[in-house]
Amino acid sequence: LLLLLPLLSGGLAWLLDSQQENGAVFPFAPGDRLEAWKVKEGDDVAFRRILAGAGDFQTVAGNGHVETAPGEVLWVRLTLRNDRDNLVKGVLRQETSYHDEVDFFSQEVPGWKQVRGGLAMGELAGSLPGDEIAFPVVLPAQATTVFYLRLNDPYGALCDLRWHTPSGYMRRVQVSSIFDGAYFGVLAGLLFYKAVLSVPARQQYMSWYCA
């Protein structure tokens, strides 16, 4: 039965993934722009210098997918446009969650808000529930908003952003939690079943030994 666990978990993963919201790929709306700057880790700069004009940011065409070589830090400047007459709330999710260091900068009054996290720092302080890199964002009506993202990992950084509605992202988290609970529940059940079956066999072996 233990050999069936990969098949059971694979089937459950396929079923749940079909119900999971993967989010919209970049660009999320007309007027959105993603720019990236790759810099060697030893030449990285503080965020205040980025705001002062440091960094050779280059526009990324297509779906905004960009990656770096090992030893490089990736800075991303994301410009999102909201042409609606009302503000829009959403969730920015990083498709790849393995990064050691993640910094997300969003505009607030006054100044900027920084959220730090990553595998080397534990959970993302102030980020949304779940085991993924995701940040709540607010886009004012009839305005353009700029965000910055810094990604760093010894094996190279990767930017692959997705856009979710708040309710859509929470459904994604719930589906992921159901999968984790079901997987470990099946595993615990099979291990318990194996332990129960081993008790009579052990008792029979001991009776033969004592005889």
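The values are calculated or read from the model by the stated rules, or taken from the named source; none is laboratory data. Every value quoted in this text rests on a predicted model; they were computed, and no experiment measured them. No Cβ is skipped: glycine too gets one built from the backbone with ideal geometry, and neighbour counts run over all protein chains shown. Only protein heavy atoms, including side chains, enter the accessible area calculation; ligands, DNA and RNA are left aside. Shrake-Rupley method; radii C 1.70, N 1.55, O 1.52, S 1.80 Å.
A few points about this structure:
- Single condition TRP75 does not satisfy, out of (1) touching an Asp or Glu at 6+ places or on another chain (Cβ under 6 Å); (2) within 27 Å of TYR155 (Cα to Cα): (1)
- Residue under evaluation GLY90, criteria (1) of a type in the set (Gly, Ala, Ser); (2) outside any loop (DSSP other than H, G, I, E, B); (3) in contact with an Asp or Glu (Cβ under 9 Å, 6 or more places away or on another chain), criterion not met: (3)
- Filtered residues of region 55-80 (kept if under 21 Å from ALA29 (Cβ atoms), open to solvent by 50 Å² or more (accessible area, probe 1.4 Å) and not small (Gly, Ala, Ser)): THR59, ASN63, HIS65, ARG77
- Selection of region 127-152 for residues being at pLDDT 90 or above, of a type outside the set (Ser, Thr, Tyr) and open to solvent by less than 20 Å² (accessible area, probe 1.4 Å) yields VAL137, LEU139, PHE147, LEU149, LEU151, ASN152.
- Only one of the numbered conditions (1) modelled with pLDDT under 90; (2) surrounded by 16 or more Cβ atoms within 10 Å (Cβ to Cβ) is violated by LEU187, and that is (2).
- Among the criteria (1) in contact with a Leu (Cβ under 6 Å, 6 or more places away or on another chain); (2) open to solvent by 10 Å² or more (accessible area, probe 1.4 Å); (3) under 18 Å from ALA24 (Cα atoms), the one ASP83 does not fulfil is (1).
- Any hit, region 83-96, residues being at pLDDT below 80 and not acidic (Asp, Glu): yes
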